[in-house]
């Protein structure tokens, strides 16, 4: 796909359009061409696109835009397009990396199907988790909640979910700083069934819920405090499936953090991902693990904790990787003992 995106970039540049304006025009065309239900956010996107100077090449640009959308009517390529045009700004400003689609799909597979489930991604990024969730819950009613501090990313997620046009799915979108004290997502405290997330890695957080156990014990990094945020949002027995830095799972300096987490959570799974899992989406070797935590409560338990050391995720981990077609993560999830432990239907 990267070569195709480079060709798109080249063609737009020849028409005098570059950078952010390219993606604004592309995403706006998805909204209009696919006749999506408009919201204030999507109307603002269309207005922004209409204000871009097309340098007298309107007909050629329209033809190019329609070709892109016609070849991707389910919006599958939108996150990759966003990443291609915006990823450095996104990564540098937020401490986040886009989740590779193969990994996101496997993490969604770890959720037990449940009718009318409330599923939340508080750091939705380009909407990949919720896109895969919408596909898994295709025949079931559910509520999909999306939040990101970057309003452009919330807009992108809204487009991707509305393209599915599934009337059984209720959609709700937020544009909030999850670490702020006064945010409306708290209306969902103790109501959420599942949280899927790739929270920002290792950002220093100065202000957070004063009742946070981890904060009281001196942990002020975004990934640690995200665990306490999830604890507030989830029902008893609700599950958090998220990516966390490998250091939190393995380093001695986080031993007390792990002990505190076990006071409020059952550990359902720890899956150590290979170095380079973010190489294709963010050009970084930052290591991450998949963690599944189940919020404790009366009668809540896990039958077994799944431990996995994953060597491949179905994509190249570096320029020399010849095993990218293998996907140990998805193969692991086919094992009956793993599915039983994770309560996967």
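The values are calculated or read from the model by the stated rules, or taken from the named source; none is laboratory data. On a predicted model such as this, the values are computed, not experimentally measured, just so you know. As a convention, Cβ positions derive from the backbone with ideal geometry for all residues, glycine included, and neighbour counts pool all protein chains shown.
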**Message:** I'd like the residue in region 155-165 that is closer than 24 Å to residue 180 by Cα and touching a strand residue (DSSP E or B) at 6+ places or on another chain (Cβ under 6 Å) and, out of all such residues, is surrounded by the most Cβ atoms within 10 Å (Cβ to Cβ).
**Reply:** 157
**Asked** Can you name the residue in region 206-228 that is assigned to a helix (DSSP H, G or I) and in contact with a strand residue (DSSP E or B) (Cβ under 8 Å, 6 or more places away or on another chain) and is also farthest from residue 182 (Cα to Cα) among such residues?
**Response** 223
**Item:** In region 229-242, residue surrounded by the fewest Cβ atoms within 10 Å (Cβ to Cβ) [restricted to those that are in a strand (DSSP E or B), in contact (Cβ under 8 Å) with a residue 60 or more places away in the chain and out of contact with any helix residue (DSSP H, G or I) (no Cβ under 8 Å at 6 or more places or on another chain)]
**Value:** 236
**Filter result (surrounded by fewer than 19 Cβ atoms within 10 Å (Cβ to Cβ) and touching a strand residue (DSSP E or B) at 6+ places or on another chain (Cβ under 9 Å)) within region 175-184** = 175, 176, 183, 184
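Results for (1) at pLDDT 95 or above; (2) in contact with a strand residue (DSSP E or B) (Cβ under 7 Å, 6 or more places away or on another chain), shown as yes or no for each residue.
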| position | (1), (2) |
| --- | --- |
| 109 | yes, no |
| 116 | yes, yes |
| 128 | no, no |
| 136 | yes, no |
| 151 | no, no |
**Prompt:** Which ones in region 20-43 are more than 13 Å from residue 81 (Cβ to Cβ) and in contact (Cβ under 8 Å) with a residue 60 or more places away in the chain?
**Reply:** 31, 34, 36, 37, 39, 41, 42
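Residue by residue, here is whether (1) surrounded by fewer than 24 Cβ atoms within 10 Å (Cβ to Cβ); (2) in contact with a helix residue (DSSP H, G or I) (Cβ under 6 Å, 6 or more places away or on another chain) holds:
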{"site": "119", "(1), (2)": "no, yes"}
{"site": "122", "(1), (2)": "no, no"}
{"site": "126", "(1), (2)": "no, yes"}
{"site": "135", "(1), (2)": "yes, no"}
{"site": "145", "(1), (2)": "yes, no"}
{"site": "148", "(1), (2)": "no, yes"}
{"site": "153", "(1), (2)": "no, no"}
**Item:** 2 or more residues more than 28 Å from residue 332 (Cβ to Cβ): qualifying helices (runs of 4 or more DSSP H) within region 97-198
**Value:** 151-164
